[in-house]
Amino acid sequence: MSEGYSSKPMQATKIGDRIVRVDAVQKARGEAVYVCDMTLPDMQYAYMVRSTIARGRIKAIHVPELPEGYYFISAKDIPAQGKNELWMIAKDWRCFAEDYVLYVGETIGLVVGPDRSVLKRLKAQIKIDYEEQTPAVTIDDGIHCVGGPMFPEKNSNVMCELFCEKGRPMDEVFAEADEVFEETIETPYQEHVHLETNSAIADMEDGKFVFYASAQCPFYIRKSIAGLLDIPYDDIIVRQCTTGGAFGGKEHFPDVLCGALLVAENKIRKPIKMVFDREEDTQFSVKRHPSKCIYKTAVKDGKITGVYGHIYYNCGAYLSSSYVVLQRGVFHGNGVYTFDNTYLKGEGIGTNMFPSCAFRGFGAPQTLFAIETHLDHLAHHLGVDPLEFKMQYLAKKGDETTTNGHIIEEVKLPEMLDVESDYWRKAKEYKPGCGRGIGIALYNHGGAFTGNGEQAIIKAHARLVKTGDRVSIQVGSTEMGQGFKTSLRKICAATLGVSIDQIEYLDPDTSKVVDSGPTAASRSTMVVGRLVERAAQEMKERWSEGDFTTEVEYEHPDGYPWDQATFRGDAYLGYGWGVACVEVEVDKLTNEVKTLGVWSSHEIGKAIDELIVHGQINGGILQALGYGSMEKLEVKGGRFKQKSMSDYVIPTSMDFPKQFYHIQENPYPWGPYGAKGMGELVFNGASAAYVDAVERALNTRFTSIPIPPEAIEEAMKHVH
Ligand code: MTE
Ligand code: MOS
């Protein structure tokens, strides 16, 4: 069945219609084409040869004699005019390590050839001599420059840093306080576990390099790798294939595969395919940043007078998107609350670990977990109800944000608190330590790129092409499971007053579509959806003119300044807001937790498609509950201990049954039909709600996640 058109009688689609997801049938029937399904004539295969140590010099690389048609591709194959660097945000990530390695899994070369079993044998025969050095692995190792500074010129391992402040100087606030409540809260690595592993194919067509990739951002790939050969972007064509989940893990990381393949393709000039197996994907791809947040909260007469936060993220060996992830973490560092005085400092620490990168929430989940948990602990310390305590500080329209901007919208959280969960009754009834507990967390997520990023950096475009009574959407935004194709076609059809079956939106090809910016930061429905709505409004007015094209560019509303040099101003025009509530029962003998119910309410402006939003809520909350409760990705000597889905355990619906959800509408003036971003929001709070519930059930406190039974057992040793 074609995903584009159908022969059903055409009825105009409305935003409120409940429709079948446009990619559902193809995916369910196994007809959707993923990179690993593609075989081109004379297909060659590639495997990565990676560093097996975390830090050291490469003394020699011993490559066995290669049979004809087999290649070892390395930094030496980058032509003289090219540079051995990938251009993500900075240009620090080397395509191939040359004389030294910075982390386990760093790409050193590729073995390429026609037969995969021969390649595996050759790969095993490649021997690398290293002179090992002591690696810095943890944030603390990084701070203390274990093994020596990664940036000798600065004599430090600080890769990126920023701060924002509001109100009076913190030392004054601390001096006047009755007490300063201090805690260090830590969050771990998290693996994306997208069901489709990272994969890409390189090929040549009419003298141009063509890539088929499982990726979120086809235009990012082009920009990132062109410098390797010093060629214009237009000499590289990226075609996204069906992408089986991404969650941020395919935002910049596909550049690492495609960059290496480009160097190989330039030499070999045959189609080359590289598909990671699950073990490679688990051990040798980007992860969520671990964090360490030191919060110091000043209290006077039982009230918070100021919040100080020192936030560290473990960036790994290259910057990747860390600076932007850290910014979002810092900007969300006061949660959904307004405090008169606050100082938040963020430092991205370089270590000899696989670089960290985007993961649903993009830096916000770490600080939101920390502030929410910290405030709960402070409330218990003061002997008051945590939710009542936090409610006093709830942000409202007009409040000054941590970046000296303002909350532009009405905050609906008070009316979203107790939807069906019966929170207030249960919170009073279940006594601390009784074995049963109900926990609650409040959170938000700033939609789209921070500050003037949309206007100054991305400058997104959208184009519609009308042919007869059919319309093709031509944008570079991608479907990765979040339901974007359905939402976007629905917006377009509803605006034009035609059927969704008359709208075509294919997986983007960079040579055919306009750049609508990365599919990240929950910006696609909110920003690109709005562009398509505008282009469709224009098209509708001229509908009778025959075949034509409309194209629009992003316009930033006036009156919301942002200064990227000082991080002052309106970081976000609109936030999604959420409440998650979790009820648990803990077996005090085995420390096993049974989840009795999960309730959530999310304010997302407007649901473009309720079924899709429902899917996002269920999935995002489950992913967050896994993060808080069971997902363990431990590190030993710079290596991840968990290697596959059999030892990296993610939750299923059996672990967290009975999800109830509520969608709160509050139309956003600059989104399509009033919609805001929501794909990441739904991740941002359930982990804190879960920890709160377990803490109350056992009358104990946790300052790090996850909290599997063994962590609960450890915590209970300290309860008397
Ligand atoms: N949902 C599914 N099923 N698969 C994904 O890869 N990615 C998440 C989220 N939901 C993801 C997902 C991330 S990281 C982002 S940024 C948003 O979807 C993107 O949503 P958008 O289409 O609104 O930009
Ligand atoms: Mo999402 S982490 O911004 O791809």
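The values are calculated or read from the model by the stated rules, or taken from the named source; none is laboratory data. If you're wondering where the values come from, they're calculated on a predicted model, not measured in any experiment. Using ideal geometry, Cβ is built from the backbone for each residue, glycine included, and neighbour counts are taken over all protein chains shown. Please note that ligands, DNA and RNA were not included when accessible areas were found on the heavy atoms of the full protein model with its side chains. Shrake-Rupley method; radii C 1.70, N 1.55, O 1.52, S 1.80 Å.
Give the residue that is surrounded by the fewest Cβ atoms within 10 Å (Cβ to Cβ), with candidates limited to residues of the range 499-520 that are of a type in the set (Ser, Thr, Tyr) and within 16 Å of ligand 2 (Cβ to nearest atom).
Out of the qualifying residues, it is Ser516.
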If Lys641 meets every condition in (1) more than 16 Å from ligand 1 (Cβ to nearest atom); (2) closer than 29 Å to Thr197 by Cα; (3) in contact with a Ser or Thr (Cβ under 6 Å, 6 or more places away or on another chain) apart from one, which number is that one?
(3)
Could you look through the range 426-482, keep only residues that are under 30 Å from Ser544 (Cβ atoms) and hydroxyl-bearing (Ser, Thr, Tyr), and pick out the one that is least open to solvent (accessible area, probe 1.4 Å)?
Ser477
Need pairs with beta-carbon distance below 9 Å; first residue over 22 Å from Ala565 (Cα atoms) and in a loop (DSSP other than H, G, I, E, B) and within the range 163-186, second open to solvent by less than 90 Å² (accessible area, probe 1.4 Å) and among the small types (Gly, Ala, Ser); sequence gap 6+ or separate chains.
Ala177/Ala298; Ala177/Gly306; Asp178/Ala298; Asp178/Gly302
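Applying the selection to the range 302-317, what residues are assigned to a loop (DSSP other than H, G, I, E, B) and open to solvent by 10 Å² or more (accessible area, probe 1.4 Å)?
Within the range 302-317, the first condition is being assigned to a loop (DSSP other than H, G, I, E, B), and the residues that meet it are 302, 317.
Gly302, the sole residue that qualifies.
Somewhere in the range 254-269, is a residue open to solvent by less than 10 Å² (accessible area, probe 1.4 Å), within 16 Å of ligand 1 (Cβ to nearest atom) and either within 26 Å of the chain's Cα centre (by Cα) or not polar (S, T, N, Q) (or both)? Walk me through it before giving the result.
Let us first name the residues in the range 254-269 that are open to solvent by less than 10 Å² (accessible area, probe 1.4 Å), namely 254-265.
Then keep just the ones that are within 16 Å of ligand 1 (Cβ to nearest atom); that gives 254.
Now narrow it down to the ones that are either within 26 Å of the chain's Cα centre (by Cα) or not polar (S, T, N, Q) (or both): 254.
Among the residues of the range 254-269, at least one is open to solvent by less than 10 Å² (accessible area, probe 1.4 Å), within 16 Å of ligand 1 (Cβ to nearest atom) and either within 26 Å of the chain's Cα centre (by Cα) or not polar (S, T, N, Q) (or both), which makes the answer yes.
Given the criterion aromatic (Phe, Trp, Tyr), at pLDDT 95 or above, within 14 Å of ligand 1 (Cβ to nearest atom) and within 22 Å of the chain's Cα centre (by Cα), identify the matching residue among Phe247, Phe284, Phe276.
Details: Phe284 fails: within 14 Å of ligand 1 (Cβ to nearest atom); Phe276 fails: within 14 Å of ligand 1 (Cβ to nearest atom).
Answer to the selection: Phe247.
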In this structure, does Val112 turn out to be outside any loop (DSSP other than H, G, I, E, B) and either under 15 Å from Ile225 (Cβ atoms) or in contact (Cβ under 8 Å) with a residue 12 or more places away in the chain (or both)?
yes
Only one of Lys14, Lys76, Lys91 is farther than 30 Å from Thr467 by Cβ, touching a residue at least 60 places away in the same chain (Cβ under 8 Å) and either among the charged types (D, E, K, R) or in a strand (DSSP E or B) (or both). Can you tell me which?
Lys91
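Would you mind stating whether Asp141 is touching a residue at least 60 places away in the same chain (Cβ under 8 Å), open to solvent by 20 Å² or more (accessible area, probe 1.4 Å) and either under 30 Å from Pro114 (Cβ atoms) or assigned to a loop (DSSP other than H, G, I, E, B) (or both)?
It is false that Asp141 is touching a residue at least 60 places away in the same chain (Cβ under 8 Å), open to solvent by 20 Å² or more (accessible area, probe 1.4 Å) and either under 30 Å from Pro114 (Cβ atoms) or assigned to a loop (DSSP other than H, G, I, E, B) (or both).
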What number of residues within the range 349-358 are part of a loop (DSSP other than H, G, I, E, B) and away from ligand 2 (no atom under 16 Å from the Cβ)?
4
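If you scan the range 669-686, which residues turn out to be surrounded by 24 or more Cβ atoms within 10 Å (Cβ to Cβ) and either away from ligand 1 (no atom under 16 Å from the Cβ) or not in a helix (DSSP H, G or I) (or both)?
Keep residues of the range 669-686 that are surrounded by 24 or more Cβ atoms within 10 Å (Cβ to Cβ), which gives 671-672, 675-686.
Residues satisfying the conditions are Gly671, Ala675, Lys676, Gly677, Met678, Gly679, Glu680, Asn684, Gly685.
Of the residues Arg523, Arg568, Arg530, Arg542, only one is open to solvent by 50 Å² or more (accessible area, probe 1.4 Å) and within 16 Å of ligand 1 (Cβ to nearest atom); which?
Working: Arg523 fails: open to solvent by 50 Å² or more (accessible area, probe 1.4 Å); Arg568 fails: within 16 Å of ligand 1 (Cβ to nearest atom); Arg542 fails: within 16 Å of ligand 1 (Cβ to nearest atom).
Sole residue among the options that is open to solvent by 50 Å² or more (accessible area, probe 1.4 Å) and within 16 Å of ligand 1 (Cβ to nearest atom): Arg530.
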Considering only the range 221-244, state which residues are among the hydrophobic types (A, V, I, L, M, F, W, C), away from ligand 1 (no atom under 16 Å from the Cβ) and either open to solvent by less than 20 Å² (accessible area, probe 1.4 Å) or touching a residue at least 40 places away in the same chain (Cβ under 8 Å) (or both).
Ile221, Ile225, Ala226, Leu228, Leu229, Ile236, Ile237, Val238
Just the residues that are within 12 Å of Phe660 (Cβ to Cβ) and either open to solvent by 40 Å² or more (accessible area, probe 1.4 Å) or modelled with pLDDT under 95 (or both), please, taken from the range 600-623.
His614, Asn618
Report, by residue number, each residue of the range 586-601 that is part of a strand (DSSP E or B) and either farther than 15 Å from Leu625 by Cα or hydroxyl-bearing (Ser, Thr, Tyr) (or both).
Val586, Thr595, Ser600, Ser601
